[in-house]
Amino acid sequence: IAVSTAGRRHLVDERGHDPDDVVVVPNGISLPPVPSTAERRAARERLDLPWDSDVLVCCSVLRPPKGIQRAVEAVARLEGTQLVVIGDGPHRDELERLADRHGVTDRVHFVGHRTDVMELLPAADVFVHPTLKDVLPTVIIEAMASRLPVVASDTGGVPELVVDGVTGTLVPPDRVDALVDAIAPYLDEPERAAAHGAAGRARAESTFTLDVQAERLLQIYDVAIASRGAL
């Protein structure tokens with residue numbers, strides 16, 4: 001069982017599995033309630049962020065293939081915008097030095113590993129996932145469930161989550177200019193951000209819940225059991 005079509009291709013093309021033996025069941029999440037305005041405000045207070053600022057959030061293990069360096073560089077071009085980086089890892093020191101080189105240490109907030117991610121996501125105006133490769137980043141589903149428009153790299157299983165122009169915007173990996181050009185309209189046009197956020201929530205509800213995942217798994221088991229019985 002692969003979590004995305006991209007993962008299935010890897011198992012078939014690189015691991016040599018029989019295509020007939022590999023099926024796709026995307027990850028599911030337990031849907032949180034739709035964040036209220038009060039919860040958004042509380043999330044910003046928890047992160048010590050101004051209520052009236054534009055806020056981007058990334059959430060990832062901090063290692064180079066996750067592309068967080070491109071988010072830091074993008075914020076340097078988006079005047080006044082705040083970036084919250086949730087997560088920790090071996091790339092953190094270099095990312096902090098990068099923020100310092102770009103003069104944005106006061107606008108890039110490294111908050112480390114957190115167990116309250118779902119409570120922090122409502123602080124964002126836009127969720128950014130500039131990964132260089134990813135099989136199926138579940139955090140994007142969590143961001144969609146939080147009614148956030150998603151700007152993410154068009155790579156791996158990401159396009160199986162983000163519907164370009166509907167729930168967010170897909171950009172070429174490793175392109176800071178494309179990242180900036182995709183983020184800016186959401187900050188300038190709140191109605192567009194709200195529409196894509198609502199569409200993302202609807203997609204999370206219909207396609208990426210634990211109930212949907214469990215139903216797909218049961219169908220696979222039923223087929224497998226029936227096939228074994230037929231032997």
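The values are calculated or read from the model by the stated rules, or taken from the named source; none is laboratory data. None of the values given here were measured: they were computed from a predicted structure. All Cβ positions, glycine included, derive from the backbone under ideal geometry; neighbour counts span all protein chains shown. Heavy atoms of the whole protein, side chains included, go into the accessibility calculation; ligands, DNA and RNA do not. Shrake-Rupley method; radii C 1.70, N 1.55, O 1.52, S 1.80 Å.
Quick notes
- Restricting the stretch 70-91 to residues that are touching a Pro at 6+ places or on another chain (Cβ under 8 Å) and open to solvent by less than 40 Å² (accessible area, probe 1.4 Å), the residue that is nearest to residue 46 (Cα to Cα): 82
- Some residue of the stretch 123-143 being of a type in the set (Ser, Thr, Tyr), open to solvent by less than 10 Å² (accessible area, probe 1.4 Å) and closer than 23 Å to residue 61 by Cβ: yes
- Every pair of residues 6+ apart whose Cβ atoms lie under 6 Å, when the first sits in the stretch 104-133 and is at pLDDT below 95 while the second is among the β-branched types (Val, Ile, Thr): 133/155
- Hits in the stretch 93-104 (condition: under 16 Å from residue 67 (Cβ atoms) and surrounded by 17 or more Cβ atoms within 10 Å (Cβ to Cβ)): 95, 98, 99
- Contact map, the stretch 214-226: first residue over 15 Å from residue 21 (Cα atoms), second residue not in a helix (DSSP H, G or I), Cβ cut-off under 7 Å, separation 6 or more or different chains; pairs are 216/25.
- Which listed residue is among the hydrophobic types (A, V, I, L, M, F, W, C), surrounded by fewer than 15 Cβ atoms within 10 Å (Cβ to Cβ) and not in a loop (DSSP other than H, G, I, E, B), from 6, 38, 43: 38
- Some residue of the stretch 157-171 being within 24 Å of residue 28 (Cβ to Cβ), touching a residue at least 12 places away in the same chain (Cβ under 8 Å), open to solvent by 40 Å² or more (accessible area, probe 1.4 Å) and more than 13 Å from the chain's Cα centre (by Cα): yes
- Among the residues of the stretch 78-108, those identified as more than 26 Å from residue 118 (Cα to Cα) and either charged (D, E, K, R) or touching a Leu at 6+ places or on another chain (Cβ under 6 Å) (or both) are 79, 94, 97, 100, 101.
- Selection count where residues are over 14 Å from residue 183 (Cα atoms), touching a residue at least 40 places away in the same chain (Cβ under 8 Å) and part of a loop (DSSP other than H, G, I, E, B), scope the stretch 51-61: 1
- Residue count for the stretch 172-231, restricted to those that are among the β-branched types (Val, Ile, Thr) and touching a helix residue (DSSP H, G or I) at 6+ places or on another chain (Cβ under 8 Å): 4.
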